[in-house]
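Comments concern the structure below.
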Amino acid sequence: MLRALSALGGTAVIAALGSPPRARDPSARASGAQPGAPSTARIGPPDPQKAREIRAEFLHAWSGYRKYAWGHDEVLPVSGGYREFFSSRHSVGLSIVEALDTHYVMGLDDEVDRCLRWIRARLDFDLDTDFHVFEAIIRLVGGLLAGHLATGDRQLLALSVDLADRLLPAFTKSPTGMPYRQVNLRTGAVSGARVPLAEIGTNILELGVLSQLTGDPRYFRAAKGALAAVVGRRSSLDLVGTIMDVESGRWIDRSDIGPNPPADSFYEYLWGGWAMFGDRDCLRWFRMFNASLRKHLAERAGGLLWFKQVDFRTGTLLGRRQSCLAACVLSVGGDDALAADYHRSWTAVQDRYLVLPEEIEYSRLSVLTPRNALRPEYANAAFDLYRRTGDPYYRATAWRYFQYLKTYHRVPGGYTIVTDVTKRPMPKGDYCPSYVFAENFKWLYLTFADARRFDYNTGYLSTEAKVLRGLRGRVVPDTVTGKTAQDL
């Protein structure tokens, strides 16, 4: 059916896919339980001292942003400058949006209010400029939704709707339903037909939640249609390429790179479609690809688990590179043994270099790309595994990550990237990505804090660590329809 649907084009696929499924079990709705979510978190007692230290370091990074770059997208903490992320001509306060639910989870209500004041007064998406669709969805739409879920502020929801409506032409103008890479926020003009797998398929969490909150199924349908279009173009081995021409529907390359970027979060979001919305197609697709990656890509080198690159049509070996961004992909899906095995592989790399290099050749654990752009994926995996297993080993690995973060990335103006993890002392760059305020410190804080504003049993975070389910606290927000998300 999927291959037949893909031949119909994007509009037909989207129309056939419906909207986010309703929770059918009243008792599940009452308890907050969801398909695919951990039923009981197995965390141990909180460690308040470590949680306070993590929060203090987050505030150190945040103070640098406030001092040098307030209202701009990202801070340059060494020079005391700033840069814009989407367009050099326009700021959208990206770090402010990214930090919003982190402040909330950490109980930093003064900072929550400061961010809200800026967003209400300054954030406007009526911009005659091209935006990167994937980044805008996971960072801005997701950040505004998480902020709305945390605070109940209806303007945040309205802004997320406005931005999503401006991004939708990337999907609806595509003949395959797979989104173009760029869209002009004012005119709706699209560009960039050659799109990486992760950018095609990392949309269903944010757009699905938006459909739930608004009662408008267009967002969910667009995201699921893009996933279905990819699935319909898999090989007979149930493998996929890395770069797609979204106009012709043909793969540009022949390499299945597994959990590596730019494919990584495609697999995370297949699982997320099931865990968040109970979508059985997403569950079936996730299981199918999980089995094919195990069969054709998984191998051991030096006793450690890795994933090689193969020709997606034949399974022929193409390479043995591995990116540290892949570290968290296997921590979704509930296969704790496989995820633990892969976490041990990256722990071996961390033990050798102290800070993870961006990319290695895993047969010798040799470094291919020596920089580290404050990558959070290792801490993400440690949190996921600790929450599900309660094994203190994962707290220990997370704490070592934090200590190395503090030792090698900290500067007086906040936190910055490292340009070569193989050198001593490690040379630093001058850039703090906005995702640092969404991810690194949040994953660490949740690992040690037993945060009162986060439900460890039902909580679900996006690939950008936006809390899209499981926030507790000051207010339970209304939806624009007056219904709960589960009732839609």
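The values are calculated or read from the model by the stated rules, or taken from the named source; none is laboratory data. Predicted, not measured: the structure shown is a model, and the values here were computed from it. No Cβ is skipped: glycine too gets one built from the backbone with ideal geometry, and neighbour counts run over all protein chains shown.
Of the conditions (1) surrounded by fewer than 22 Cβ atoms within 10 Å (Cβ to Cβ); (2) in a helix (DSSP H, G or I), D126 satisfies every one except a single condition; which number is it? All conditions pass for D126, except number (2).
Here region 299-311 is the region considered, the condition is being in a strand (DSSP E or B) and touching a residue at least 40 places away in the same chain (Cβ under 8 Å), and the residue that is farthest from the chain's Cα centre (by Cα) is A301. Kindly establish whether V240 is among the β-branched types (V, I, T), touching a Leu at 6+ places or on another chain (Cβ under 9 Å) and outside any helix (DSSP H, G or I). In short, yes. For first residues located in region 174-195 and more than 18 Å from R221 (Cα to Cα) and hydroxyl-bearing (S, T, Y), partners that are surrounded by fewer than 16 Cβ atoms within 10 Å (Cβ to Cβ) and at pLDDT 95 or above and lie 6+ apart or on another chain with Cβ distances below 8 Å form the pairs T187/D128.
Candidates are the residues of region 291-323 that are more than 22 Å from A348 (Cα to Cα) and among the basic types (K, R); the one that is surrounded by the most Cβ atoms within 10 Å (Cβ to Cβ) is R313.
Within region 206-241, the set of residues being aromatic (F, W, Y) and under 16 Å from G278 (Cβ atoms) comprises F220 only. When L270, L207 are screened for being among the aliphatic types (A, V, I, L, M), more than 25 Å from Y342 (Cα to Cα) and out of contact with any Gly (no Cβ under 6 Å at 6 or more places or on another chain), only L207 passes.
Taking region 243-267 as the range and being in a loop (DSSP other than H, G, I, E, B) and within 21 Å of Y342 (Cβ to Cβ) as the test, the residues that pass are I257, G258, P259, N260, P261, P262, A263.
If you go through region 52-103 and keep only what is small (G, A, S), in a helix (DSSP H, G or I) and farther than 15 Å from R122 by Cα, you end up with A56, A61, S63, G64, A99. Against the test of being farther than 24 Å from K466 by Cβ and in a helix (DSSP H, G or I), the options L270, L293 yield a single qualifying residue, L293. One residue stands out among those in region 27-51 that are of a type in the set (A, V, I, L, M, F, W, C) and assigned to a helix (DSSP H, G or I): the one that is modelled with the lowest pLDDT, which is A30. Counting only residues that are touching a Leu at 6+ places or on another chain (Cβ under 8 Å), closer than 27 Å to F286 by Cα and of a type in the set (A, V, I, L, M), region 330-367 holds 5 of them. Selection of region 390-427 for residues being surrounded by 16 or more Cβ atoms within 10 Å (Cβ to Cβ) and touching a strand residue (DSSP E or B) at 6+ places or on another chain (Cβ under 6 Å) yields Y408, H409, G414, Y415, T416, V418, V421, M426. The residues listed here are V141, V133, V112, V97; of these, the one that is under 23 Å from the mean Cα position of the chain (by Cα), over 30 Å from I200 (Cβ atoms) and surrounded by 21 or more Cβ atoms within 10 Å (Cβ to Cβ) is V112. The sole residue among A379, A398 that is within 17 Å of E358 (Cβ to Cβ) and small (G, A, S) is A379. State all residues of region 183-210 that are over 19 Å from the mean Cα position of the chain (by Cα) and assigned to a strand (DSSP E or B); if no residue qualifies, say none. Once the filter is applied, which keeps residues that are over 19 Å from the mean Cα position of the chain (by Cα) and assigned to a strand (DSSP E or B), region 183-210 yields V183, N184, V190, S191, R194.
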